[in-house]
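Encoded as structure tokens, the structure appears first; notes follow it.
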Amino acid sequence: MSKRRTRNRLPELLQLEGLIERSNFKANQETFIELQGHSFPLYSVEVRPFKPGLPTVIFTGGVHGIERIGAQVLLAYMDVLASKIPWDSTLQHQLDALNIVFVPIVNPGGMYLNTRANPKGVDLMRNAPIEAEINPPIFGGGQRISAKLPWYCGDTKHGLELENQTLMNVVERYAQQSPFTITLDCHSGFGLRDHLWFPYAYRKRPIAVLDKLYALKLLFDCTYPHHEYVFEPQSLSYITHGDLWDYIYKRHKNANESVLLPLTLEMGSWNWVKKHPIQLLSFTGLFNPIVPHRQRRVLRRHLILFDFVCSAAIAYKKWIPKQKQTRQMFQAGKQYWYKSRP
Ligand SMILES: [Zn+2]
């Protein structure tokens, strides 16, 4: 099959390569995923060449191949940036103070096959060497029995899957050179509402940077009081083994002074199904908006969030708690997320 025809089965990759061609983005082919005689590049893309010392935002998507909308919302945002950079002086100034990096298609093989897992049957968000502190749910929590069953963790004794190792290398490479980094990983599928999750997934006890995450939540609530995201630790929804962001965060914290805040956007796909129940008949329809006007709405819906994350990263010194506030903000976050719930 020709390169073009192969890409036609992966339109998001075609779109990404078109964007790279028509913009001044700096694209790196981090590795290649070999599948059925084809070789799919796993790209990281710097909006402008990376500058050490500046805060950084890393947008990632397509970790679960079936959740195509995660890659699509990022491609839509990249398209906006590519169109605005030549004329929007506010954005040009922002990019003097911020690195923006995209890894929009982490699992091209899974996306090509239209599966949640990678081509080896491994669920990339259950693949890190990290055990849940309490028993996770049978469905969704991760299992080590068989790649033929969903939520397979893979064999972590032999290291991470290539896609995960590559993503982790990219995040570590940039986060180690930045004083402050936010990652935002885009998924779909859980619940009726859009969630903004942060670690941990493996335990119910709070993360050390809870003060900063609570300050970020307050900043978001004050700036956009009508937003409808549920901003909370993932463990309030469910516990899992092997969450990659738990692992990346822990490794970073153990080796660096700089701040890393990992966020996951989980777009609530049940709402799309509720409004268009025939989607239940298609596996893809469980995770993606099928009706064109709804898809366009989803592609617009998160642009404010993406812009907010970038502005917050640039101005991080203005809102992250300092000295005495750190403890107070940590306690306030703990009270809000971990104590006041029934
Ligand atoms: Zn997902």
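The values are calculated or read from the model by the stated rules, or taken from the named source; none is laboratory data. Worth saying up front: this structure is predicted, and the values here are computed from it rather than measured. As a convention, Cβ positions derive from the backbone with ideal geometry for all residues, glycine included, and neighbour counts pool all protein chains shown. To get the accessible areas, we keep the full protein, side chains included, count just its heavy atoms, and leave off ligands, DNA and RNA. Shrake-Rupley method; radii C 1.70, N 1.55, O 1.52, S 1.80 Å.
Quick notes
- Look at region 121-141: where a residue is open to solvent by less than 50 Å² (accessible area, probe 1.4 Å) and a partner is among the basic types (Lys, Arg), sitting 6+ places away or on another chain with Cβ atoms under 7 Å, you get GLY121/LYS148; ASP123/ARG116.
- From the list LEU81, LEU14, the one residue that fits, being aliphatic (A, V, I, L, M) and surrounded by fewer than 17 Cβ atoms within 10 Å (Cβ to Cβ), is LEU14.
- Residue list for region 157-185, restricted to those being in a strand (DSSP E or B), under 15 Å from the mean Cα position of the chain (by Cα) and away from the ligand (no atom under 16 Å from the Cβ): THR181, ILE182
- Check on GLY110, open to solvent by less than 30 Å² (accessible area, probe 1.4 Å) and in contact with a Lys or Arg (Cβ under 8 Å, 6 or more places away or on another chain): yes
- Checking SER311 against (1) of a type outside the set (Lys, Arg); (2) farther than 26 Å from ALA201 by Cα; (3) open to solvent by 100 Å² or more (accessible area, probe 1.4 Å), the condition it does not meet: (3)
- Qualifying helices (runs of 4 or more DSSP H) (wholly inside region 186-297; at least 1 residues being within 16 Å of the ligand (Cβ to nearest atom) and either crowded, with 23+ Cβ neighbours inside 10 Å or hydrophobic (A, V, I, L, M, F, W, C) (or both)): 244-255, 270-275
- Set SER237, SER188, SER178: member being small (Gly, Ala, Ser) and more than 27 Å from GLN143 (Cβ to Cβ): SER178
- Members of region 54-78 that are away from the ligand (no atom under 16 Å from the Cβ), open to solvent by less than 10 Å² (accessible area, probe 1.4 Å) and farther than 25 Å from LYS317 by Cα: LEU75, TYR77, MET78
- In summary, HIS195 fulfils each of the numbered conditions (1) at pLDDT below 95; (2) over 19 Å from LEU124 (Cα atoms) with the single exception of condition (1).
- ARG144 vs. criteria at negative phi and within 13 Å of the ligand (Cβ to nearest atom): no
- Subset of region 34-53 (residues that are under 23 Å from TYR174 (Cα atoms) and surrounded by fewer than 21 Cβ atoms within 10 Å (Cβ to Cβ)): PRO41, VAL45, GLU46, ARG48, PRO49, PHE50, LYS51, PRO52, GLY53
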